[in-house]
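J.: One structure follows; several queries about it will come next.
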Amino acid sequence: MVSVSQSSIQAPPGREDPDLAQYRAALAQGFGEAQQALVEQAVDFAARAHAGQRRASGEPYLTHVLAVAEIVHQLGLDHESVCAAILHDAVEDTPVTLVEVHSGFGPDIARLVDGVTKMGQISRYRDAAQKAQEHAESLRKLLLAMAEDIRVILIKLADRLHNMRTLRHLDAPSQRRIARETLELYAPLANRLGIGQIKWELEDLSLRYLEPEVYKDIATYLDERRLDRERYIDHVVSSIRNELQAAGVAGDVSGRVKHIYSIWRKMQRKNVGFHEIFDVRAVRILVEQVADCYAALGVVHSLWHHIPREFDDYIANPKENNYRSLHTAVVGPGGRTLEIQIRTREMHEHAELGVAAHWRYKEGGRFDQSFEQKIAWLRQLIEWRDEESTASDFVDRFKSETGDRVYVLTPQGQVVDLPQGATPLDFAYHIHTEIGHRCRGAKIDGQIVPLTYELHNGEQVEILTTRNGTPSRDWLSPHLGYLKSSRARAKVRHWFHQQDRDKNLAAGRTALERELDRLGLDNMNWEELARRLRFDNLQDLLVAIGKGDVGSTQIVSAANELFTREEAAIPLSRPSNRGDEGGDVRILGVGNLLTHMARCCHPVPQDPIVGYITRGRGVTIHRRDCPNVLRLYQKEHERLIEVSWGGTQQRVYPVDIQILAYDRSGLLRDITSVLATEKINVLGVNTVTDKHDHAANMKLSIEISDLEELSRVLTRIGQLPNVIGARRQLQH
């Protein structure tokens with residue numbers, strides 16, 4: 001079992017010099033000869049630098065830096081990290097300069113020492129109310145140092161851990177200040193990086209000074225029941241071990257000490273007393289393989305009845321910090337509740353050491369996804385900015401991102417990690433900004449809840465949206481409880497800052513999609529269309545459409561031009577003479593061939609087209625996105641040839657249009673009247689009416705000359721009473 005225990009070689013208060021030989025032996029263990037020599041050199045260097053210095057406890061200052069280095073060594077870090085831990089206070093608290101460290105130990109160790117020194121400024125955190133901007137910049141420097149080399153924060157966490165272990169020697173105000181800082185900053189960082197062993201000890205020690213009576217009461221309860229609990233746990237461990245052996249599952253079973261802080265938090269969260277906490281009695285099972293975890297779970301559940309809603313599968317759905325384990329609570333012998341944790345040895349190492357356990361992979365040059373996710377999170381947090389954000393917003397977001405988390409599920413079963421106290425609205429903005437903006441309600445496990453509802457672990461969240469929803473300014477009021485996440489609040493603020501442009505942008509996108517969709521131009525290149533209409537970028541075009549500066553006529557005209565760059569635009573006037581099919585199609589690189597239009601997709605001028613050489617029927621002209629052509633690209637691509645529209649003849653083309661409407665007397669008459677006014681020839685009409693809801697689905701085959709004429713006809717039909725919509729119908 002991996003652990004970070006208090007040093008057994010700490011010098012007692014008043015001792016002049018620690019046993020340097022004993023420290024050298026402990027700190028050099030596991031390194032090569034050259035690396036051991038560098039560690040010993042660092043110990044001698046620190047001994048000279050800190051000579052005569054003592055801490056508030058009365059112990060030599062050298063004891064502190066060597067104890068920190070030992071914690072770093074126990075985390076399994078490299079010799080450079082151990083050396084940097086030994087030297088971490090030399091530059092800040094002695095006349096030693098960073099140049100001297102660089103000269104004596106090289107650039108890598110000097111950079112680590114410099115990073116830890118800069119992080120010492122984070123103590124200004126407590127002055128955030130008076131120096132918010134200064135604090136935010138210190139916090140950014142801290143995170144930047146972490147992102148550049150994660151070993152910096154691991155050394156700093158070890159430094160803070162030893163400081164907390166010796167905090168009793170300071171005055172009460174200092175104890176509370178440092179404990180509060182530890183609980184709000186360093187323990188959450190250890191949690192986010194997955195270093196459970198350090199996290200729990202920092203939290204317990206912080207609670208000891210922040211809530212001394214609570215800490216003493218829980219510790220007393222645990223002590224009073226220790227002998228009874230140990231006998232009980234021994235019996236449970238023996239039972240599980242025997243059943244695992246009988247089932248052929250190899251594993252280690254041991255009792256687990258519950259941390260005082262976690263007991264207190266659970267009492268607070270559930271508003272229950274100490275005796276109602278299920279996992280004061282806890283057992284941990286370590287096995288070899290993932291499959292063994294579930295086999296062991298089956299053994300445990302066959303022994304005792306499990307408690308509903310107290311099972312968590314963090315193997316299938318790991319936490320954000322990559323914590324993986326099975327958790328279950330059962331009614332054990334004598335009717336007592338009992339928590340069981342089941343994990344592999346590798347999962348246990350990662351649970352105890354977190355990102356530190358990944359360092360060996362990073363050092364060896366192997367890609368490790370979990371490690372990279374930690375760095376990605378740090379960089380994302382550093383780079384997060386918003387025009388409306390302030391320094392205090394950044395601090396709030398850091399605290400919410402590193403604090404306690406709640407894990408909920410999407411309707412598809414995906415796990416979403418949110419700050420403790422998050423609401424359905426926070427969930428909506430986490431999924432997508434637009435979902436947050438359009439959120440109007442939420443369901444938790446199928447039941448409608450208010451948007452201020454506080455989410456709990458394991459709940460399934462479904463967001464109810466409206467098509468045209470917009471944020472409410474009430475969401476920005478902290479006292480109303482709509483949003484917990486500073487990131488979500490920033491998105492709402494940004495929306496109000498950009499609401500005019502965003503509103504027009506969305507309206508323009510909808511209008512363009514609708515126009516191109518009803519004309520059957522789904523494959524249109526929007527960026528190219530924006531350039532054709534002389535806009536610098538697509539967003540500017542969409543905003544102009546939303547404002548009404550660009551209409552559908554201009555869009556269709558630009559589409560015409562886009563497809564006929566090398567030829568003249570097809571005239572709008574209708575031809576009086578309808579010649580043979582295909583006379584206006586040019587086959588590139590070939591003389592005149594017999595052509596005819598495919599009936600599966602009915603291409604019209606300006607549609608992107610391709611020719612297919614048939615057996616005995618000449619060339620069939622298809623739209624490029626015709627499903628039949630897409631299949632031919634794979635099977636008979638050698639029979640496909642390049643063709644283009646000719647611009648010398650005026651022709652009409654058959655097009656199918658679909659009209660959806662609520663049936664009424666005279667509907668078909670009004671539609672044909674529009675077509676007659678536009679001098680559109682109707683080739684066929686097919687109408688189906690649902691007698692139940694009076695919905696009419698009409699399909700008309702008409703002849704049109706170009707896209708602009710088609711757009712005009714569809715627009716006029718769409719304006720008729722009871723017509724829901726009219727669009728071009730493509731055959732698939």
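J.: Given the condition in a helix (DSSP H, G or I), at pLDDT 85 or above and either touching a Pro at 6+ places or on another chain (Cβ under 7 Å) or of a type in the set (F, W, Y) (or both), answer yes or no: does some residue in the range 38-59 qualify?
T.: yes
J.: Looking at (1) outside any helix (DSSP H, G or I); (2) modelled with pLDDT of 85 or more, which one does A158 not meet, given that it meets all the others?
T.: So the condition that A158 fails would be (1).
J.: How many residues are over 44 Å from the mean Cα position of the chain (by Cα) and under 16 Å from A84 (Cα atoms) when one looks only at the range 41-58?
T.: Result for the range 41-58: 7.
J.: Determine whether I240 is within 20 Å of E203 (Cα to Cα) and either among the aliphatic types (A, V, I, L, M) or modelled with pLDDT of 75 or more (or both).
T.: So I240 does not fit the description; no.
J.: Can I ask one more? For L720, state whether it is touching a residue at least 12 places away in the same chain (Cβ under 8 Å) and part of a loop (DSSP other than H, G, I, E, B).
T.: yes
J.: Still on this model: Looking only at residues in the range 182-216 that are outside any helix (DSSP H, G or I) and of a type in the set (A, V, I, L, M), which one is modelled with the lowest pLDDT?
T.: Among residues in the range 182-216 that are outside any helix (DSSP H, G or I) and of a type in the set (A, V, I, L, M), the one modelled with the lowest pLDDT is L193.
J.: Return yes or no: is R324 crowded, with 17+ Cβ neighbours inside 10 Å, over 30 Å from S486 (Cβ atoms), of a type in the set (D, E, K, R) and at pLDDT 75 or above?
T.: Judged against the criteria, R324 is not a match.
J.: Next question. May I ask you to list the residues in the range 686-697 that are touching a Ser or Thr at 6+ places or on another chain (Cβ under 8 Å) and among the β-branched types (V, I, T)? Steps first, answer last, please.
T.: The initial filter retains those residues of the range 686-697 that are touching a Ser or Thr at 6+ places or on another chain (Cβ under 8 Å), namely 695-697.
None; the set is empty.
J.: If you don't mind, another one. If you scan the range 673-684, which residues turn out to be surrounded by 14 or more Cβ atoms within 10 Å (Cβ to Cβ) and among the β-branched types (V, I, T)?
T.: Of everything in the range 673-684, those that are surrounded by 14 or more Cβ atoms within 10 Å (Cβ to Cβ) and among the β-branched types (V, I, T) turn out to be V674, I680.
J.: Considering every residue within the range 524-537, establish whether at least one is surrounded by fewer than 17 Cβ atoms within 10 Å (Cβ to Cβ), assigned to a helix (DSSP H, G or I) and among the aliphatic types (A, V, I, L, M). Give the steps one after another, and end with the answer.
T.: Here is the first cut: in the range 524-537, the residues surrounded by fewer than 17 Cβ atoms within 10 Å (Cβ to Cβ) are 525-528, 531, 534, 536-537.
Narrowing the set further to residues that are assigned to a helix (DSSP H, G or I) leaves 526-528, 531.
If we keep only those that are among the aliphatic types (A, V, I, L, M) too, we end up with none.
Looking for residues that are surrounded by fewer than 17 Cβ atoms within 10 Å (Cβ to Cβ), assigned to a helix (DSSP H, G or I) and among the aliphatic types (A, V, I, L, M), one finds none in the range 524-537, hence no.
J.: Would you confirm, using the coordinates I've provided, whether L593 is among the hydrophobic types (A, V, I, L, M, F, W, C), modelled with pLDDT under 85 and not in a loop (DSSP other than H, G, I, E, B)? Give the derivation first.
T.: Values: among the hydrophobic types (A, V, I, L, M, F, W, C): yes; modelled with pLDDT under 85: yes; not in a loop (DSSP other than H, G, I, E, B): no.
So L593 fails the test.
J.: Basic (K, R), surrounded by 14 or more Cβ atoms within 10 Å (Cβ to Cβ) and either in contact with a strand residue (DSSP E or B) (Cβ under 9 Å, 6 or more places away or on another chain) or assigned by TED's automatic domain parsing to the domain that holds P605 (or both): which single residue out of K699, K635 fits that description?
T.: When all the criteria are applied, what remains is K699.
J.: Which of (1) assigned to a helix (DSSP H, G or I); (2) farther than 20 Å from A110 by Cα; (3) at pLDDT 80 or above is the odd one out, the single condition A69 does not satisfy?
T.: (2)
Listed here are the residues, each with its yes/no results for (1) among the aliphatic types (A, V, I, L, M); (2) part of a strand (DSSP E or B); (3) at pLDDT 85 or above.
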{"site": "V461", "(1), (2), (3)": "yes, yes, yes"}
{"site": "N468", "(1), (2), (3)": "no, no, no"}
{"site": "W475", "(1), (2), (3)": "no, no, yes"}
{"site": "A490", "(1), (2), (3)": "yes, no, no"}
{"site": "R493", "(1), (2), (3)": "no, no, no"}
{"site": "F496", "(1), (2), (3)": "no, no, no"}
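J.: If you check every pair at least six apart or on different chains, which have Cβ atoms under 8 Å apart with a residue in the range 601-614 that is closer than 10 Å to P654 by Cα first and a residue that is of a type in the set (F, W, Y) second?
T.: H602/Y653; P603/Y653; V604/Y653
J.: Could you list, in sequence order, the residues of the range 181-228 that are of a type outside the set (A, V, I, L, M), in contact with a helix residue (DSSP H, G or I) (Cβ under 9 Å, 6 or more places away or on another chain), free of Cβ contacts under 8 Å to residues at least 60 places away in the same chain and surrounded by fewer than 19 Cβ atoms within 10 Å (Cβ to Cβ)?
T.: Listed by number, the residues that qualify are E181, E211, K216, D217, Y221, R225.
J.: Would you call H102 crowded, with 18+ Cβ neighbours inside 10 Å and either at pLDDT 50 or above or under 22 Å from G30 (Cβ atoms) (or both)?
T.: no
J.: For Y662, all conditions in the list (1) aromatic (F, W, Y); (2) exposed (fewer than 14 other Cβ atoms within 10 Å of the Cβ); (3) not assigned by TED's automatic domain parsing to the domain that holds T595 hold save one; what is the number of the exception?
T.: (2)
The values are calculated or read from the model by the stated rules, or taken from the named source; none is laboratory data. None of these values were measured; they are calculated from a predicted model. FYI the Cβ positions are ideal-geometry reconstructions off the backbone, even for glycines, and counts take in every protein chain you see.
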